[in-house]
Amino acid sequence: MTEEHFDRIVRDADPYPPDVIGHLAGAKQALLEEIMSEPTFHRVVAPPQPPSPANRGIVRRFAGALTAAAVLIGIVAVSTVLRQHPDDQQAAPTGIPGAGTPVVYSPVAMKAAEENPRLLIDQPGWQVTTVYGFAEQQGTVDFSNGGRQLEMNWYPAGQYDGYRTDRLHVSAPEPVTVDSWPGDLFRYSADDFAVMLRPRDGVFVELRTGGHWTRDTFDQVLTDVVRVDVRTWLAALPPEIVTPARVEAQAAKVLADVPLPPNFDVAALNDVGTNDSYQFGAQVTSRVGCAWIAEWLRARRAGDDAALQRAADALRSSHKWRVLHEVNDKGDWPEVFWEIADKVAAGHPPAGYAQGLGCD
């Protein structure tokens, strides 16, 4: 992470009023978003809180842009479907556009989709590159088209006032509308914009640009951002995206060569929300790592040398876990995980390990 990058995080953050409960939880979420976010952008967009100075050594970004992780299914067909179903209340398609085969979504997947704004760009050429979150009215979808990116982040409506107050320090707001949804546009620079949509259905959305934009090109894309029904949104996600319906099968693949801690509940992974493969792998290994560290700490307190050794060996074995090697060229999560795991296995748990790995 460059100093400019970190300064940007600090400047964009601090959306909470002083009396907001859960300040530390916000800090943990910001750190997780920074660690776990694939480097589609050169920055993290509007994290809830900046990481503490003590964690600067843990949160490290590697140079280089990410090649798009996934391509939006049937982009032309999706555009056609969107034009046919502009109203969120209209009938939804029965399957992936153009596939000809109905898709059955689990109740969990439907519920998760119902609880987010379900925004898509109804314009050819845009690809979904990153998806994560949606477990607790918070999530991110990144779109990419050549040298331009548009990141959509949504948060609980209760955080809106704090975020908007922060953005008023960026520029004066300009009123805009996105698919009949009113909001404010803020200018960070001549080619860097953000739009905050007002709270709706318990959440608010911020759209943030990355790459090469002008105000005209941004205005044009905003006219093509549409809110769609649940099935259209789910059908537009690439097959690589791990929706709740795919969690069980994907978790089995991720954990195939990963030693599980005592009493580890694989079924509990159903609550991780909707994520791309990188984010899902990070979510799963986060829980495994945290559980092994908890076991290591328990064994040390109890003087259980055999259990202490098993936990240390499991953490060291993470250097061989296939999932971490598969995502190592997409972001910093594996390096952060290995750094913390090695220190714990050596008997020196770092002070910031719980925040670094996202342990509860």
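The values are calculated or read from the model by the stated rules, or taken from the named source; none is laboratory data. Treat the numbers as computed from the prediction; the structure is a model and nothing was measured. We place every Cβ from the backbone using ideal geometry, glycine too, and count neighbours over all the protein chains shown. Heavy atoms of the whole protein, side chains included, go into the accessibility calculation; ligands, DNA and RNA do not. Shrake-Rupley method; radii C 1.70, N 1.55, O 1.52, S 1.80 Å.
For the reader, a short list of remarks on this structure follows.
A quick yes/no check of all residues on (1) in a strand (DSSP E or B); (2) free of Cβ contacts under 8 Å to residues at least 24 places away in the same chain:
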| residue | (1), (2) |
| --- | --- |
| Val205 | yes, no |
| Gln250 | no, no |
| Pro259 | no, no |
| Ala267 | no, yes |
| Asn270 | no, no |
| Gly273 | no, no |
| Gln279 | no, no |
| Trp292 | no, no |
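- Within region 234-248, if we keep just the residues that are without any contact (Cβ under 8 Å) to a residue 40 or more places away in the chain and open to solvent by less than 10 Å² (accessible area, probe 1.4 Å), the residue that is nearest to the chain's Cα centre (by Cα) turns out to be Val242.
- In the set Gly352, Gly356, Gly303, only one residue is over 25 Å from the mean Cα position of the chain (by Cα) and either in contact (Cβ under 8 Å) with a residue 60 or more places away in the chain or open to solvent by less than 60 Å² (accessible area, probe 1.4 Å) (or both); that residue is Gly303.
- Comparison of Ser277, Ser189 shows that the only residue that is exposed (fewer than 15 other Cβ atoms within 10 Å of the Cβ) and small (Gly, Ala, Ser) is Ser189.
- Which numbered condition Ala251 fails, given (1) at negative phi; (2) under 16 Å from the mean Cα position of the chain (by Cα); (3) not polar (S, T, N, Q): (2)
- Failed criterion for Val141 (all others in (1) open to solvent by 10 Å² or more (accessible area, probe 1.4 Å); (2) without any contact (Cβ under 8 Å) to a residue 40 or more places away in the chain; (3) closer than 24 Å to Val327 by Cβ hold): (1)
- Residues (open to solvent by less than 10 Å² (accessible area, probe 1.4 Å) and touching an Asp or Glu at 6+ places or on another chain (Cβ under 8 Å)) located in region 192-202: Ala194, Val195, Met196, Leu197
- Annotation note: of Val221, Val226, Val288, the sole residue that is β-branched (Val, Ile, Thr) and either at pLDDT below 95 or not in a helix (DSSP H, G or I) (or both) is Val226.
- Filtering region 280-295 to residues that are aromatic (Phe, Trp, Tyr) and open to solvent by 10 Å² or more (accessible area, probe 1.4 Å) leaves only Trp292.
- Of the candidates Pro238, Pro199, Pro182, the single residue that is part of a loop (DSSP other than H, G, I, E, B) and either modelled with pLDDT under 95 or at negative phi (or both) is Pro238.
- Arg287 vs. criteria within 25 Å of Leu120 (Cβ to Cβ) and of a type outside the set (Gly, Ala, Ser): no
- Any hit, region 318-330, residues being at pLDDT below 90 and more than 16 Å from the chain's Cα centre (by Cα): yes
- Options Lys330, Lys343; residue that is closer than 23 Å to Val247 by Cβ and among the charged types (D, E, K, R): Lys330
- Matching residues, region 318-337, being under 13 Å from Ser286 (Cβ atoms), part of a helix (DSSP H, G or I) and not aliphatic (A, V, I, L, M): Ser318, Trp333, Pro334, Phe337
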